[in-house]
1. Taking each pair of distinct Cα atoms in the stretch B:2-158 once, what is the resulting Kirkwood hydrodynamic radius in Å?
2. How much accessible area per residue does the stretch A:143-214 have, in Å², with a 1.4 Å probe?
3. Name the helices (complete DSSP H segments) of chain A with a Cα length along the long axis of 18 Å or more and a Kyte-Doolittle mean of at least 1.6, or state none.
4. Can you give me the Cα centroid spacing of the stretch A:419-457 and the stretch A:109-156 in angstrom?
5. If contacts are Cα pairs under 8 angstrom and at least 6 residues apart, what is the relative contact order of chain A in percent?
6. Between A:K295 and A:F387, what is 0.36 nm times their sequence separation minus the Cα-Cα distance? Round to one decimal in nm.
7. Local charge sum around A:D251 (other residues, Cβ-Cβ under 15 Å, Lys/Arg +1, Asp/Glu -1)?
8. Mind checking B:132-145 for the average number of partner chain beta-carbons within 10 Å of each residue's beta-carbon?
Amino acid sequence: MSVIEMSRLTLVGLATQKADIMESLIRLGAVELDEMPPQPTPESLEPYDERGFLSLNSVSRLEAAAEYCRLQDPQSHHMGSAKRLARAEDFILAGQREQEIMGQLHSFEHIQSQIAQLRTSMAQDETVREVLTPWDGLELDLATTATRETVVFAGAFPSRDTLEAFLAQAREEAPETHVEVFSEDSASVRVVVITLKFREGLVHTGLRQHGFHLLPALGLSGKPRQILADIADHSDDNQRRLERLEKELQDFVILGKDFELLHDYYLLQSDKIDALSCLPGTANTFYLTGWVPKKLAAEITRALKQRFLVAAEARPPAEGESPPVQLNNHTLVKPFEIIVEMFSPPSHEDVDPSPLLAPFFFLFFGMMLSDVGYGLVLTGLTGYLAFKKKATGEMGRMSRMLFISGIGSIIWGFLFGGFFGDMLTVLSQGKIVVPSLWFNPMVEPMTLMVWSMVFGVLHLFTAMGAKIYLLAKTGKLFDALVDVVPWYLVITGLGLMLGGDSLIPGVSLKFAGQVMAIAGAVVLLLFGGRDSKNPILRLVKGLLSLYNITAYFSDILSYTRILALVLATSVIAMVFNKLGFMLGPTPVGYLVFTVTALIGHTLNLALSALSAYVHTSRLHYVEFFSKFYEGGGRLFKPLRIRTRFIQFDHKP
Amino acid sequence: MNELISLMGPGLTLLAGALAALLPGIGSAKGVGRVGEVATGVLTEDPAKFGKVLILQALPGTQGIYGLLSWFMIMNSSGLLSGSASLSWQTGMAYLMASLPIAFVGLFSAVYQGRVAEAGIALVAKRPQEQSKALVLAAMVETYAILALLATVLSVLNIKPV
């Protein structure tokens, strides 16, 4: 249906042109190579070229520099981790300016490391200053710890009492000890202790016992006053140097773009080397196989032959080969491909279920999150991400999918009459009631339950239709007629038997329903066991196939979750509205309401949108796909330029 | 004695609302808590997965919301929310019975859903692109909470308070 056909590409070329050919293939972004075990790497393909630039190390250095510049540059700060738009020519040019950019990177890093060193030494100075300031004025060279006969300890006792205790002990054990009190405050008593060398051990132990803290050595020499004066002198100097270096570094910030370009250019080169290392070949030739989209195949082989000396051929996939798949759908359906891909992409023989899934996803998501306000917020938010910020990757695809689904929410919000729950009704104290264009599920939950199941039956019928189509396509139309079609009769018939009275006033369709259900059941009974020759066994098997009704029954009941989620969304919204407006229509009341509503509705929107997404997915994965779709395919992953910082404004 | 019986109606109704909010709330707290513990472990390795694991952690939280929803429906439809307190003990009993499905199924399904989501975190840690599978597997458990919620809500809506 909407799966792009693939062709098998085989190419033999000269080993000397290998790197260039690979680069063109990567730039082309339309060829998927077969995965092969890595071959032993020939010398010339080492990931270090003669200039020694392209190594993983320089890639990560460039990355760090580019990230730093992006944070510092006021113009690109707001970009965060989004990709910068760049011209392809600049990208190629960055490769040629490699030498220059790497030189700049080197200077940049040099300044950075100078700054780091300076910061460390300033921090050290600060520590010394803090430690020595209380000792300012001490007439002792800090390098002096001993003389010929004596040892000196400078340090502090925690209090006067501990000092006294130590003195008492010293008088007993080492009377030669002299203690000079230098200064004293509430937290410590700073002293210099001098004693004879042979008493050192004893005195040291005594000091420790009384909580004495030795002045940290810090590797300093000179008197504290001198040291502090030196630091003060330095500090201005260092500060000026730091400012100068930081200014210099700031000049590099505008080069951030170059770092980004070269980083991404190196990524391309390293991808090329990775891809090359897997290619088999002889000394002078190489050989590659892979997949290309069929409509591009002829053009690609022609272009390759023109530019290089190669033998290239593209042929349709042979029996037993399983080409990768790429989905290709209408713009409105495309965003929903992500739901299919998350389940499992179709195999190359399958049909792509996206066109069938898209309208139902839109329908069910919209019903589950049926609120005009929530829908507006959701479309606004995802629209901003998808179209203003131009988010790429999974984020971009999810945004586009939720953008469309959010529109469904707005539509259903009008049908069910919800705007942030009953916000307007609460705020106007009952004067404004948002009318429901169809019915209000809070008042008529049973009606919604019935409709949920009716939509569910339509959903299932669509899936069964797809099954019939698939069976007919493979020549099993008869199987489709006796295995699938009767269920249409049985389900519709049973539905009419239950509710046939109320559909058209005055006409009872109950009898028609009975006829349909019985006709369907009879076909199933007769053909359900048609692979058995034995007629009795065949009837028993047919009877067993009728048992499948339980599966259909539970499938249909499963759609009642729509009702539950509708109620959950709107009732919780109502709870927050009620809660917020408890203080009534006073200025404070409105303030409280604003805050409560902001928090409450944000929370409710986040959780309800998540529930709607998860449960709509589930209805498709479990109820819908189980009828006709298995998947098991592999997505087309062509070699392409992988970038971290930039995206191209057009294809290089 | 008559006074006691006249108190039974509102009492039983309040009990019904309390159970509906209480048990699924406990279950959700337990489920969300477990998933959160494992998710934090994953984040120590790769903080960039925060968005993905947060969504998985939120899943077992819905039962608590269903509980609150049922509480609100019970309080609102019985008139207790608007201050009326004259309910017969039969009505109170009816509300109590109606609250049982969401109370118990909510409690247990939140705990079990938490376990599935917890295992889903391990899946996301290794293969972030498979997040939606982890989500759907966890949502399978929630189906029963939804069915229970429907049972409770439809019963509550059909009770005519006397």
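1. Numbers: mean 1/r = 0.0611 Å⁻¹.
Value: 16.4 Å, from the Cα pair sum.
2. Values: 4100 Å² over 72 residues.
Heavy-atom SASA per residue in the stretch A:143-214 reads 57 Å².
3. Details: long enough: A:56-72 (24 Å, -0.14); A:98-132 (50 Å, -0.52); A:160-173 (20 Å, -0.81); A:224-252 (41 Å, -1.34); A:256-276 (30 Å, -0.37); A:294-307 (20 Å, -0.78); A:354-368 (20 Å, 1.77); A:393-416 (34 Å, 0.91); A:445-473 (42 Å, 1.27); A:485-503 (26 Å, 1.23); A:510-527 (26 Å, 1.94); A:561-580 (28 Å, 1.65); A:587-618 (45 Å, 0.92).
Once both thresholds are applied, what remains is A:354-368, A:510-527, A:561-580.
4. Using only Cα atoms, the two centres lie 76 Å from each other.
5. On the way: 904 pairs, mean separation 144.1, N = 652.
Over chain A, the number comes to 22 percent.
6. On the way: separation 92, 0.36 × 92 = 33.12 nm, distance 2.93 nm.
Between A:K295 and A:F387, full extension yields an extra 30.2 nm.
7. Values: positive: A:R244, A:K247, A:K257; negative: A:D73, A:E109, A:E243, A:E246, A:E248, A:D258.
Once all neighbours under 15 Å are counted, the net charge is -3.
8. Numbers: counts 10, 5, 0, 7, 9, 2, 2, 11, 3, 0, 6, 8, 0, 2.
The shielding value for this peptide is 5.
The values are calculated or read from the model by the stated rules, or taken from the named source; none is laboratory data. Just so you know, these numbers come straight off a predicted model, no measurement behind them. Glycine also receives a Cβ, built like all others from the backbone with ideal geometry; neighbour counts cover every protein chain displayed. The area values use the complete protein model at the heavy-atom level, side chains included, leaving out ligands, DNA and RNA. Shrake-Rupley method; radii C 1.70, N 1.55, O 1.52, S 1.80 Å.
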